[in-house]
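Encoded as structure tokens, the structure appears first; notes follow it.
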Amino acid sequence: MAPRVTQSELPNPLGKLLRQRRFAMNLRLEDVALKMAGGEGATTSFLSAVECGHKALPAVHLSGLSEALEIPLADLQAAYIEDRVNRARKRAQDEVGQLNGSGLKAAE
């Protein structure tokens, strides 16, 4: 059985991309939040949680982040999809672990 992976140990391609770009542009989280289109941006604490992999980014924020951080939308979407796949794998792993802990065997 594969070792369990915690949320903080998941690969975080989206958060890594956002943080690298933000640092390259010498921006604070507050700057990014303010630059997000239409003033509908996210809070600094939410953006921090996304960068760290603690929260998933809603797709509605992709365009605003793309503009704020000058990242091609296609690159941001690719990282977003990879992040969603990693989160789905984690959820599935957790469910299998719960099944195994309850005495039930998962289908092979």
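The values are calculated or read from the model by the stated rules, or taken from the named source; none is laboratory data. If you're wondering where the values come from, they're calculated on a predicted model, not measured in any experiment. A quick note on method: Cβ atoms are made from the backbone with ideal geometry, for glycine too, and the neighbour counts reach across all protein chains shown.
Results, tabulated for the structure shown:
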quantity: Hits in segment 78-104 - residues which are small (Gly, Ala, Ser), modelled with pLDDT under 85 and either touching a helix residue (DSSP H, G or I) at 6+ places or on another chain (Cβ under 6 Å) or loosely packed, with under 13 Cβ neighbours inside 10 Å (or both); calculated: 101, 102, 103
quantity: Any hit, segment 23-41, residues being within 19 Å of the chain's Cα centre (by Cα), modelled with pLDDT under 85 and surrounded by 14 or more Cβ atoms within 10 Å (Cβ to Cβ); calculated: yes
